[in-house]
Amino acid sequence: MKENVIEIRHLTKSYGKSRGVIDVSLNVKQGDIFGFLGPNGAGKSTTIRSMLGFLKINEGSINILGMDSGRDHEKILREVGYMPSEAWFYDSMKVKDVIKYAADVRGLDCSNEAGMLCERLKVDTNKKIKQLSLGNRKKVSIVCAMQHKPKLFIFDEPTGGLDPLMQKKFFELINEYVDKGATCLLSTHVLSEVDKYCKNAAIMRDGRLTMLDTPHIDDETFLSFYEDDEEA
C-alpha cells in the first residue's frame, strides 16, 4: 500500500477577521496527481503556504514526506518542487542565471536536467527576465521547480499564460516524473486539467474542503461550487 506523501489534519488558518481555511483534512498518496480545485480566494494558496511552512497555522497538523511542516520547514523545501502562482524574478537577470541560482540555493548541480527541461519547454536561456511574456516566465518557474527532480511537486495555478502546446508538454513532464516515483499536487481552477490528468481531487470553497469521489465531474456540478463565492 502506498504511503501518504501529504497528511493534513484539521488545518485552520485565519487572518484576524478575514477567512483563511477552516478544518481542512487531506491525504495525498505517493504517485498521485492530485487536483486541488477552487475559485480564486477559496483558500488553496493559504493551504499550500501552510503546507510549506510559510504560514504559521492556528490549529491542526501538517505532515509532508514524513516531516512536520513547521518544525521541518527547511528539510521539506529541499524535497519539494514548488511553483507559486506568481512567476516573479529579478528583471535584470538572464534566464540561465535564474535557473542556476535556483539550483545553487539547493547546493546541487542540475545543469543536465535543466537543459532537458529548457529544450522540451522551448525556454530561451539567454534572454533577460524583463524580456519575457507571462507564459515564458511561467516556463522558467516550471524549470526551477522541476530541475532537482523532487519527490513532491506542488504547483499553484501553473498553466496560466501557457499556450495549449506548452500545457500539453507540461503535463507530459509531470507524468514522466510521477512514473519515476514522484507525487504532484496541482492547484487549479481549470476543470479540464483535473478531468484529464488527475487521479484524485478535492474542491476548496469558502475556506472549506470537499473531497471528490472521482476527479471527473460535470460542468454543472463544478460551477455550483463557484456560485456566490467571495474573495478571501
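We did not get these values from a lab; they are worked out from the coordinates using the rules stated. What you are looking at is a predicted structure, and each value in this text was computed from that prediction instead of being measured. Glycine also receives a Cβ, built like all others from the backbone with ideal geometry; neighbour counts cover every protein chain displayed.
With +1 on each Lys and Arg Cβ and -1 on each Asp and Glu Cβ, and nothing else charged, work out how big the dipole of the chain is about its Cα centre, in Debye to the nearest 20.
The dipole of the chain has a size of about 1000 debye.
Note on the chain: Rg/Rh from Cα positions, Kirkwood definition for Rh, rounded to two decimals, is 0.95.
Dipole of the stretch 1-158 computed with +1 at Lys/Arg Cβ and -1 at Asp/Glu Cβ about the Cα centre; of Gly16, Thr125, Val28, farthest Cα towards the positive end is Thr125. Listed by chain and number, the lysines whose C-alpha is less than 17 Å from the C-alpha of Lys17, apart from same-chain residues fewer than 8 away, are Lys56. Residue farthest toward the positive end of the dipole of the chain, with Cβ of Lys/Arg at +1 and Asp/Glu at -1: which of Tyr82, Met204, Ile48? The listed residue farthest towards the positive side: Tyr82.
So what's the angle, to the nearest 10 degrees on a 0 to 90 scale, between helix 164-179 and the longest Cα principal axis of the chain? The helix 164-179 is inclined about 80 degrees to the chain. Using only the alpha-carbon atoms, how far is helix 134-146 inclined from the longest principal axis of the chain? Give it as 0 to 90 degrees, nearest 10. On a 0 to 90 degree scale, this one is about 90. For the stretch 29-142, the calculated P(r), taken from all Cα-Cα distances in 5 Å bins from zero up to the bin holding the longest distance, is 2, 10, 17, 18, 19, 16, 12, 5, 1, 0 percent.
In deg cm²/dmol, rounded to 500, what helix-only [θ] at 222 nm does the chain give when every DSSP H run of at least 4 residues adds -39500 (n - 2.57) and the total is split over its residues?
-10000 deg cm²/dmol
Among residues other than Leu55 with Cβ under 11 Å from its Cβ, the summed charge is +3 (Lys and Arg +1, Asp and Glu -1).
Using square roots of five times the C-alpha gyration tensor eigenvalues, list the equivalent-ellipsoid semi-axes of the stretch 17-78 in whole Å, biggest first.
Taking √(5λ) for each eigenvalue gives 19, 16, 10 Å, largest first.
Compute the acute angle (0 to 90°) between the alpha-carbon long axis of helix 111-121 and the principal axis of greatest extent of the alpha-carbon atoms of the chain; round to the nearest 10°. Rounded to the nearest ten degrees, it is 70.
Among Arg120, Arg9, the order by Cβ neighbours within 10 angstrom, fewest to most, reads Arg9, Arg120. If only the Cβ of Lys and Arg carry +1 and only the Cβ of Asp and Glu carry -1, the dipole of the stretch 120-214 around its Cα centre is close to 520 debye.
Among the listed pairs Lys44/Lys199; Lys149/Lys169; Lys44/Lys130; Lys122/Lys196; Lys169/Lys199; Lys96/Lys130, those with a Cα-Cα distance over 25 Å are Lys44/Lys130.
Please build a GNM for the chain, connecting alpha carbons under 10 Å apart, and tell me which residue among Tyr90, Tyr82, Tyr177 fluctuates the most. Result: Tyr90 has the largest fluctuation of those listed. Charges were assigned to the Cβ only: +1 to each Lys and Arg, -1 to each Asp and Glu. The resulting dipole of the stretch 1-106 about its Cα centre is roughly 140 debye.
Counting other beta carbons within 10 Å of each residue's own, what order do Met211, Met51, Met83, Met93 fall into, fewest first?
Met211, Met93, Met83, Met51
Projecting the Cα atoms of Leu108, Val5, Ile154 onto the charge dipole of the chain, computed from C-beta unit charges around the Cα centre, puts Leu108 farthest toward the positive end.
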